[in-house]
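Heads up, the thing below is written out as structure tokens.
Read-outs throughout are calculated quantities, based only on the coordinates presented, and are distinct from any laboratory measurement. All figures in this text were calculated on a predicted structure; none of them were measured in a lab. Every residue, glycine as well, gets a Cβ built from its backbone with ideal geometry; the counts of neighbours run over all protein chains shown.
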Amino acid sequence: MAIRRCAAVVKGGRRFSFNALVVVGNGKGQVAWGYGKANEVPPSVEKGVKDAHKQMNRVNLKGHTIPHRVIGKYGAARVVMLPASPGTGVIAGGAVRAVVQAAGITDILTKSYGSTNKLNIVKAAIHALTQLRTKEEVARLRGVAL
């Protein structure tokens, strides 16, 4: 998703390290993000993937879209997600697009507000997806029949 380089100034010059933001999903309603840091790029990506696999989240889908409108918040980042009709495609920015495609959503409308920090936007998008509830689940939680 994103790889950043960090420089520590030492006696002989600059010493670089790398950190990687990774989004993983199975394309069938599970998604997670991970963050890895190392002195080279490949180990930082591997650490990020390993971190992501530890915190997989289940997402309730309705076909190839989401069941209802939802807003995810993290810090100053806000992500609004709307269900879309079949054939619409993924209308999303880079960070949110990676999250919804990893989750297996193919038709969705999204808009992000506030912070443009990729890490915060990814966290807000996953927060939004974890709030999704199907009609049956809401009926069960409320104890009523729909």
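Restricting the calculation to Cα atoms, the stretch 40-146 yields a radius of gyration followed by a Dmax of 15.1, 55 Å. Charge dipole of the chain (Cα centre as origin; +1 on each Lys and Arg Cβ, -1 on each Asp and Glu Cβ, all else neutral): 420 debye, rounded to the nearest 20.
Each label was represented as a point 7 Å from its Cα along the Cα-to-Cβ direction; for Lys62 and Ser115 these points are 3.0 nm apart. A dipole drawn for the chain from +1 and -1 charges on Cβ atoms has a positive end, and of His64, Val79, Val100 the residue lying farthest that way is Val79. For every other residue with a beta carbon closer than 12 angstrom to the beta carbon of Ser44, add +1 if it is Lys or Arg and -1 if Asp or Glu, then tell me the sum. Local charge sum for Ser44: +2.
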